[in-house]
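**Student:** Pasting a structure below so you can have a look.
The values are calculated or read from the model by the stated rules, or taken from the named source; none is laboratory data. Since we're looking at a predicted model, the values are computed, not measured. Cβ placement follows ideal geometry from the backbone for every residue including glycine, while neighbour counts extend to all protein chains displayed.
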């Protein structure tokens, strides 16, 4: 989503990404983002808690209005409760793994194409965020 946000921003459309995966969000460096430390798929709150969801939405909109520095990620002050990270992934629906600085490609062809286009030093820095197409 960060790459799409960059393209929209290049057209003059302000964006904000909502995330529950800090390292992924930081690696694509969207123009502005909020982070909620909840299991994946729950970036707007827990199911069946409309009041909490509304508060999260209000905080997201406040962040959208107040972020002035590009690349800022605002951590929202909500807690899922019990340590959901220790639960089995099937219990929370969150099976993410830790990110690393080592580029990972889906295929050797993808790796070769990135290296050919950007060179060894830039092939996966922020997924080549500087190469966002504009009109």
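**Student:** Taking the stretch 48-85 as the search range and keeping residues that are over 18 Å from the mean Cα position of the chain (by Cα) and modelled with pLDDT under 90, which one is surrounded by the most Cβ atoms within 10 Å (Cβ to Cβ)?
**Tutor:** 80
**Student:** Then there is this: How many residues does the stretch 1-30 hold that are assigned to a loop (DSSP other than H, G, I, E, B), more than 25 Å from residue 79 (Cβ to Cβ) and within 11 Å of the chain's Cα centre (by Cα)?
**Tutor:** Residues flagged as assigned to a loop (DSSP other than H, G, I, E, B), more than 25 Å from residue 79 (Cβ to Cβ) and within 11 Å of the chain's Cα centre (by Cα) within the stretch 1-30 amount to 1.
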